[in-house]
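The block underneath contains the structure these notes are about, expressed in structure tokens.
Nothing in this text is a laboratory measurement; each read-out follows from the coordinates by a stated rule. This one's a predicted model, so the numbers in the text were calculated from it and none came from an experiment. For neighbour counting, all protein chains shown are included, and Cβ atoms are generated from backbone atoms with ideal geometry for every residue, glycine included.
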Amino acid sequence: MATQVWVPQATIPRRSWGKKVFSLLPSRSQSVSLHPTNNRRSIKCSYSTPDMTTDSSSVPIDVYADVKTEKIVVLGGSGFVGSAICKAAVSRGIEVVSLSRSGRPSYTDSWVEQVSWVKGDVFYARWDEVLGGATAVVSTLGGFGNEEQMKRINGEANIISVNAAKDFGVPKFILISVHDYNLPSFILNSGYFTGKRQAESELLSKYTNSGVVLRPGFIYGKRKVDGYEIPLDIVGEPLERVLAATASFTRPLKSLPGSDLLLAPPVSVDDVAYAVVNAVSDDDFFGVFTIEQIKEAAAKVRS
């Protein structure tokens, strides 16, 4: 009968884990099977040393360890930023669920098939059906409109989502927010900015050591709207390069009110997406991240 050695539960971090099985057998093989519950998998590895001989009486030693897996819920996953996050996550083997009012996008890229698309509104969401087994929630919720609309979508919607994730025991929450522009106070007091900052405050108070706030400026990339592709990168990418090349000359100008509108570097939507992937996989990644820090986090995943 096989001797089994179990890893103590106390050594397991807070994420969702499965069991990993290593067997010392006179052959080399590996098999993978999925556990019935969410985010759990069983991997059995067979191993033999050079001096081992095939002997039917050999007794295998099975070692069971826990393997971390990831499942994220992207709020607004069918949007410009959300779809980039979904694409980047599935490319790294992360299970992805998207919750958005439009549901599944109309285009047919290969990665779309790997995402579970849920059509719904965070104000009326059945969170028990959406958040089950999630290791992180990523919110891309935000938008413009009149004052009340901006407060609702940028602030209230995100705050509701943060509290739902906390109530259901999701260990990490990542919020796509907005750069800290040095704009006049009457602009910063608008519903767009106050809503975002209220959502940040709620997140960081509920997720003290695992909440992530990404503060990009202008996000560029190829944006798909109603079947048409809007190439925002035609403007954003050259501008990012110009600002990077002239940073030493423009730095003194950043203290001028409103200068951020021109001098805050644009951010590629892919950089935002890969920064999210970094945040999902790294337990030490939490807090507020600026434009440059977003790019640095993305570079770690790309390398």
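What the table below lists for this structure:
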{"item": "Violating pairs (Cα-Cα greater than 19 angstrom) within the set Lys71/Lys151; Lys119/Lys206; Lys166/Lys206; Lys119/Lys196", "result": "Lys71/Lys151; Lys119/Lys206; Lys119/Lys196"}
{"item": "Packing rank of 166-174, 287-295, where each peptide gets the mean count of other beta carbons within 10 Å, highest leading", "result": "166-174, 287-295"}
{"item": "Expected-Rg normalisation [2.2 N^0.38 Å, Cα atoms] applied to segment 71-302", "result": "0.98"}
